[in-house]
Amino acid sequence: MAAPAMKHNKHNKHSSNAPSHPDRTDSRNSQSPSQGGNLTEDVDALQKEIGGDLKSLKKVSGLLEHLTLENKQLEEQVLTVSSSVPLRVSAALSTAEESRLKLESLLEKERLLSNTLQQHLQGAQVWADSIGQVLGQLDTLERHMKYLQCLARIEELSDSIQQYLMTNSMWDAVGAIDRMASLDMGLRESGCSHLQAFLRETLRFWHKILKDKLASDFEEVLTQFHWPFISPPTQTLSPPANTQELNSQLEQLVSQLVSLQTSDDLISEKKETLSRPEQSQTPPLSLPIQIMLLPLSKRFRYHFTGNRQTNNLSKPEWYLTQVLIWMGNSSNFMDEKIQPILDRAGAKVNARVELCRGLLTLVQEKLSQDAPRLLYDDALFCHLVDEVLQFEKELRSTHSYPRAYPGILHILLEETVLQKWLSVERKMAVEKVDAMLSAEGAWSSQYKDITDMDELKAPDCAETFMTLLLVITERYRALPCPRAQLSFLALQKELVDDFRIRLTQVMKEESRQPLSPRYCAILNAANYISTVLSDWGDNVFFLQLQQAAVSDGEEILGPLGAMETGRLASLEGSLFEALLALLERLRGDMLGRLLDAVMRDVKEKAQPYCKDRWISLPSQSDQATMSLSSSACPMMLCLRDHLLQLQQMLCLPLFQMFWQGLAERLDSFIYEDLILYNHFNEGGAAQLQYDMTRNLFPLFGHYCKRPENFFKHVKEACIILTLKVGPALLFCDVLKQSEEDEGILNHQQPSAESALNELGVYKLAPSDVQILLNLRSAWLNQS
């Protein structure tokens, strides 16, 4: 027993003297709870191995040797790891030292190489400066050489053109001119201004000579074709004997002039930009067309400038009509003679359109001079605008002038002219409105005797006013600028609002007699204007203006809110939405006044009927036949007369709104002032039902199929009042049971609402029905 114990102590001593790894020590210290758990497991294993038998103690020595061997192996592993770490750190430090030495060596080499290179560069700088000077001289010489070569080329082309002209080689001369023009375009980016000027002057010199010669020949040939056509060409003119030769000459000259187009554009581009900046984006006129325009231009300037009687400010139609006549007279010749030649020459132009463009240039110059002189004469200015608009319309339609090219309307869009136009439109419109409202038949419809054409029953003043607005729309519809169109739209909205205010003022004057024809005519006028504006809101032209207003219309139409802008952009709203709301308010106010007046008259006539002794009327069985109550006759006659009168004076949409509103008010009046105010016996209830179903409802049956649907209170009240005694008692029980069971769900008992629905009562509540049943108390309580 002693030997094992000594071995165990020795083992413990050896273990305590052995070096312990820091991690191992830390793990022992930090894991004391788990160590306690491991100790418990070791004790359990020892208990299992030895047990309670003393004979099993001989196994302790073997177990101790096994644990001692395992502990020794662990200590060797710790010693191995501890000894390898310093070796790797030492190797890393050695490698770092070697790298540092190599880096210092490389830095030294770099310094030496940099010094050597710097010395070399300093030595080579002298050579570089010398070579740079030589290269600069070479570059200067090269530019001089090219300069001289250009001069030589210009002289060569100039000599060639001169030689070709002397030998009458026109095509060769045209080719040389074209090459000189190409050289001119190639020098556009050059800084040699003197060379450019010399070349341009040389080109202009030879171009003028060649152009004058070709133009002279071209004019002679055109004369043979009777150009220009001052009057409409007739078939009586005999064709020239040498037609084939003239056609050949015409084609040759037009083709040569087309070939001169490039040089002509170069020479005239600066002058064109300065003289007509608004047309700088349009291509220049074709050269043959320019020559063809010369005689027409001379005639135009002769007749419409200076002190000629034909140059009359009050007669702009003279020169506008003359230009249109020239366009029409020349169209066949341009299409049949000139256009085929241009096509074969490769010129992508339309001869007829080119001629129109040239003639429009004359009109634009004339109009630009005349328009400012007419700003202080409203009559002449209006006449000028009318003639210009008519000219533009005929130009685009009859002569098919493309929309891509400007006409003459842009001259009317200059700020001073446009503002004058707007002010004159406003002034003329206001004057016309004053005249139409003060006219004798202003409030009568000119179509009153024609049933099919008088659906809206618009008075003459309203129809004339909307025609005036439509004319303004047609005048500015063709303007090429959306901002100008929006300006006219703002004017129209201003005029509509002014007319609405005038209608309101006249309505207030007539408000004491709302049943008068004039009052109804004002109501029809407001409805007519609202209807037309609603239709305009869906028109394509105004929808396009609506999109323009979203993008840049705030300066003209005023600030638009975010919601309004969104509605306009999504096409949910319209440009006339605010005006339509104001007109709707006016229409609603006038309809309300009209209904009030009719109801006052009806209520006055209905007073005897309301105070009738409904509780003491004879029963239905005591009467041979039922007839209308005598006290109801004045009310019924009053209703009939007003309905017939207003049906004649109001348009159909307004009359429908009127009779429906009247039915609603009558329903409330009879229910509240007659039914709820009285008690009914069986005869009184039957008489009331007869008066309503056989007399009142049919009055409105002319305007709908089921008029009783507009008198739901009265109809359902009659149903309750005419119930037999038995069903009435049962229904009273249902109502009483419903009140007792209120809040308690009972699926077996029918609800009061369902019982009412079975009787055809949907509008009245159970409490209202209880009140009506109590009105039958004179006989209901007895039963």
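The values are calculated or read from the model by the stated rules, or taken from the named source; none is laboratory data. Here the structure is a predicted model, which is why all the values come from computation and not from measurement. Every residue, glycine as well, gets a Cβ built from its backbone with ideal geometry; the counts of neighbours run over all protein chains shown. Areas reflect the complete protein model, heavy atoms only, side chains present, ligands, DNA and RNA absent. Shrake-Rupley method; radii C 1.70, N 1.55, O 1.52, S 1.80 Å.
How many percent of the accessible area of segment 609-775 is carbon or sulfur, using a 1.4 Å probe?
About 51 percent, which is the carbon plus sulfur part of the accessible surface.
In whole Hz, with x marking every Gly and Pro, tabulate ³J(HN,Hα) for segment 603-616 from phi via Karplus 6.51 cos²θ - 1.76 cosθ + 1.60, θ = phi - 60°.
Ordered by residue, 3J(HN,Hα) equals 4, 5, 6, 8, 4, x, 5, 5, 9, 4, 8, 6, 7, 10 Hz.
Over segment 609-775, what is the mean sequence separation of C-alpha contacts under 8 Å (at least six apart), divided by residue count, expressed as relative contact order in percent?
About 28 percent, as a whole number.
In whole Hz and in residue order, list the ³J(HN,Hα) couplings for segment 109-122 that follow from phi through the Karplus curve 6.51 cos²θ - 1.76 cosθ + 1.60, θ = phi - 60°; x for Gly and Pro.
Karplus values, whole Hz, x for Gly and Pro: 4, 5, 5, 5, 5, 5, 5, 4, 5, 5, 5, 5, 5, 5.
Enter the accessible area per residue of segment 609-775 (Å², integer; probe 1.4 Å; all protein chains in place).
For segment 609-775, the solvent-accessible area averages 53 Å² per residue.
Test of understanding: what is the full-extension gain from residue 301 to residue 694, defined as 0.36 nm times their sequence separation minus their Cα-Cα distance?
132.9 nm
Normalising by the residue count of segment 77-203, find the relative contact order in percent from Cα pairs under 8 Å and 6+ residues apart.
Computed value for segment 77-203: 15 percent relative contact order.
Pairs 366/420; 427/508; 705/763; 393/420; 493/705: which exceed 29 Å Cα-Cα?
Over 29 Å Cα-Cα: 493/705.
Counting Lys +1, Arg +1, Asp -1, Glu -1, what net charge surrounds residue 390 among other residues with beta carbon under 13 Å of its beta carbon?
Net of charged neighbours comes to -3.
Give the aspartates and glutamates whose C-alpha is closer than 12 Å to that of residue 712, dropping any in the same chain fewer than 8 places away, or say none.
Excluding near neighbours in sequence, the set is 664, 667.
From zero up to wherever the largest Cα-Cα distance of segment 609-775 sits, split into 5 Å bins and tell me the percent of pairs in each.
Calculated P(r), rounded to whole percents: 1, 8, 16, 19, 17, 14, 10, 7, 5, 2, 1, 0.
Would you mind calculating the relative contact order of segment 366-477 from Cα pairs under 8 angstrom and at least 6 residues apart, reporting the percent as a whole number?
Result for segment 366-477 is 19 percent.
Can you give the accessible area of residue 126, probe radius 1.4 Å, in Å² rounded to 10?
Only protein atoms counted, so the area is about 100 Å².
Taking the full set of protein chains and a 1.4 angstrom probe, give the accessible area of residue 95 in square angstrom, rounded to the nearest 10.
Only protein atoms counted, so the area is about 80 Å².
Just to check, using Stokes-Einstein with a Kirkwood Rh over alpha carbon pairs, what's the diffusion coefficient of segment 110-194 at 4 °C and 1.567 mPa s in µm²/s?
76 µm²/s
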